[in-house]
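Report on the structure given below.
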Amino acid sequence: MSEKVLVTGGAGFIGHILIKHLLDNTDWEIVTIDRLDYSGNLNRFSHMLKDADSETKKRVKIIYHDLKSEINNLIDSQIRDVKHVFHLAASSHVDRSIVDPMTFVYDNVVATGNLLNYARNLDKLETFVYFSTDEVFGPAPDNISFKEWDRYNSTNPYSASKAGGEELAVAFENTYDLPILITHTMNVFGERQHPEKFVPNTLWKLRENKKVLIHSNKDKTKPGSRHYVYAEDVARAVLFLVQNLELVKKGNLDEYGAKCLKVNIPGTKELNNLEVAQLISKFSGYKLNYELVDFHSTRPGHDLRYALDDSFIKSIGWEPKYSVEEGFEKLVKWFLENPEWLDF
Ligand SMILES: NC(=O)c1ccc[n+]([C@@H]2O[C@H](COP(=O)([O-])OP(=O)(O)OC[C@H]3O[C@@H](n4cnc5c(N)ncnc54)[C@H](O)[C@@H]3O)[C@@H](O)[C@H]2O)c1
């Protein structure tokens, strides 16, 4: 019988891409837990699996559950024998966290605590992957890229709640020997991303001939920047890490001897917000109409620059498959062929 894994948040953007990658590259049975809020969309499954055979479709089981509540006996009976847990379920939109911080505390800290606590009883568990973000490190000064064990410096409730969940995961390894692997991922872009996020939202604005507001510094001279990574590459990295755990363990990442594993998943290149909009314009053929706006005044809690050091994951032999330009070209083409995914 093939092995079983749990993906939380599988109806979300990265979760469904990870599930597709696992279906295509392993023979694992995949159980996903999702509470199907505004960002969790079951249509992602029907769309991505529309050409899959019935055997492949049967390998995915979707369980409706809100992780703010403990795992009950019925769910336990479905996931008791999982080998890996990929914990992606989270409230994920920074702007929403600024309006409603407590939802983020419950979804990203309390729900993570529930799942970690449950995972202590999983006899076959080999890895619990906690999906964290570059945002836990806060703004990166020019020429600085944060390493895996650098300090947290959250500037909004989203990043603080992700750092809280991350630190709980560290504690569950130290206290209960749970086999934790934490990933920090940069800005992810890809198919079926929710249209409220910057990349699909920019393409939508270009299509609708609306002005794109580019967040920049106070003087409106320098757009904010991010490293971008294609969702398929994130899925490749995650599978690579769980399949090469011995290599990760040898990395001895923390100079002070912390035993929990942490790995940055980098993008290939840093792009500022204007460059992203220009790439989307170039690949779509839509004209870009933009204005630089002072992001500090209009969006408190937003950082001008995030950056992660990529030397560790590269040292163990992983690199993204797609350059940023290739990724954006592929993605824009996909959205133009599937325009319904740009509509709110
Ligand atoms: N998108 C990015 O650029 C990015 C970057 C770094 C890290 N991350 C992290 O990756 C993970 C996935 O991000 P995403 O962009 O796919 O998010 P998403 O918002 O698209 O998906 C999150 C999913 O989790 C589900 N969910 C939320 N709270 C839940 C709860 N309490 N119980 C059960 N299900 C719940 C939602 O219904 C949704 O399907 C998150 O943990 C996020 O913090 C995302």
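The values are calculated or read from the model by the stated rules, or taken from the named source; none is laboratory data. It should be emphasised that the depicted structure is a prediction, and the values quoted were computed from it without experimental measurement. Here Cβ is always computed from backbone atoms with ideal geometry, including for glycine, and neighbour counts include all displayed protein chains. Protein only, heavy atoms only, side chains kept; ligands, DNA and RNA dropped before computing areas. Shrake-Rupley method; radii C 1.70, N 1.55, O 1.52, S 1.80 Å.
Key figures
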{"item": "Ellipticity estimate at 222 nm from DSSP helix runs (n ≥ 4, -39,500 (n - 2.57)) divided over the chain, nearest 500", "result": "-11000 deg cm²/dmol"}
{"item": "Degrees, to the nearest 10: 231-243 long Cα axis against longest axis of the chain", "result": "30 degrees"}
{"item": "Stokes-Einstein D (µm²/s) once Rh is taken as the Kirkwood radius of segment 187-240 over alpha-carbon pairs, at 37 °C in 0.692 mPa s", "result": "252 µm²/s"}
{"item": "Gain on full stretching of the segment that runs from LYS83 to ASN244 - 0.36 nm per residue minus C-alpha separation", "result": "56.5 nm"}
{"item": "Exposure of ASP66 as accessible area (Å², to 10), given a probe of 1.4 Å and all protein chains", "result": "40 Å²"}
{"item": "Charge dipole (debye, nearest 20) of segment 137-286; +1 at Cβ of Lys and Arg, -1 at Cβ of Asp and Glu", "result": "720 debye"}
{"item": "Whether segment 241-333 is rounded, prolate or oblate, judged on the alpha carbon gyration tensor where a/c under 1.5 counts as rounded", "result": "oblate"}
{"item": "Among the listed pairs LYS197/LYS282; LYS20/LYS262; LYS218/LYS269; LYS220/LYS262; LYS57/LYS269; LYS197/LYS333, those beyond 26 Å (Cα-Cα)", "result": "LYS220/LYS262; LYS57/LYS269"}
{"item": "Rounded tilt (10° steps) of 198-207 against the dominant C-alpha axis of the chain", "result": "40 degrees"}
{"item": "Highest-fluctuation residue, SER69, SER91, SER132 considered, GNM on the chain with Cα pairs under 10 Å", "result": "SER69"}
{"item": "Whole-angstrom gap from segment 1-71 to segment 291-340, using each part's C-alpha centre", "result": "24 Å"}
{"item": "Largest-first ordering by accessible area, 1.4 Å probe, given options GLU29, GLU135", "result": "GLU29, GLU135"}
{"item": "Accessible surface, 1.4 Å probe, highest first, among residues GLU55, GLU148", "result": "GLU55, GLU148"}
{"item": "Within a Gaussian network of the chain (alpha carbon springs, distance under 10 Å), most fluctuating of LEU203, LEU74, LEU36", "result": "LEU74"}
{"item": "Accessible-area order (highest first, 1.4 angstrom probe) of the listed residues ASP343, ASP294", "result": "ASP343, ASP294"}
{"item": "Nearest-10 value in Å² for the accessible area of ASP37, using the 1.4 Å probe", "result": "40 Å²"}
{"item": "Gaussian network model of the chain, springs between alpha carbon atoms under 10 Å - residue of SER92, SER154, SER46 with greatest fluctuation", "result": "SER46"}
{"item": "Ratio of the Cα radius of gyration of segment 120-236 to 2.2 N^0.38 Å, where N counts its residues", "result": "1.31"}
{"item": "Protection proxy ranking of 79-85, 20-26 - average other beta-carbon atoms within 10 Å, highest first", "result": "79-85, 20-26"}
{"item": "Pairwise centroid distance, computed over Cα atoms, of segment 242-271 with segment 147-218, Å", "result": "18 Å"}
{"item": "Fraction of alpha-carbon pairs over 37 Å apart in the chain - percent", "result": "14 percent"}
{"item": "Column: log10 I(q)/I(0), Debye, Cα scatterers of segment 153-202, q = 0.16, 0.20, 0.22 Å⁻¹", "result": "-0.66, -0.83, -0.88"}
{"item": "Exposure of TRP204 as accessible area (Å², to 10), given a probe of 1.4 Å and all protein chains", "result": "50 Å²"}
{"item": "Loop chymotrypsin sites (Phe, Trp or Tyr not before Pro), segment 1-62, which have at most 13 other Cβ atoms in a 10 Å radius of their Cβ (DSSP)", "result": "TYR38"}
{"item": "Spin-label proximity, GLU3 to segment 159-182 - amide N less than 15 Å from point 7 Å beyond Cα toward beta carbon", "result": "179-181"}
{"item": "Calculated FRET value between ASP254 and ILE98, using beta carbons and R₀ = 35 Å, to 0.05", "result": "0.65"}
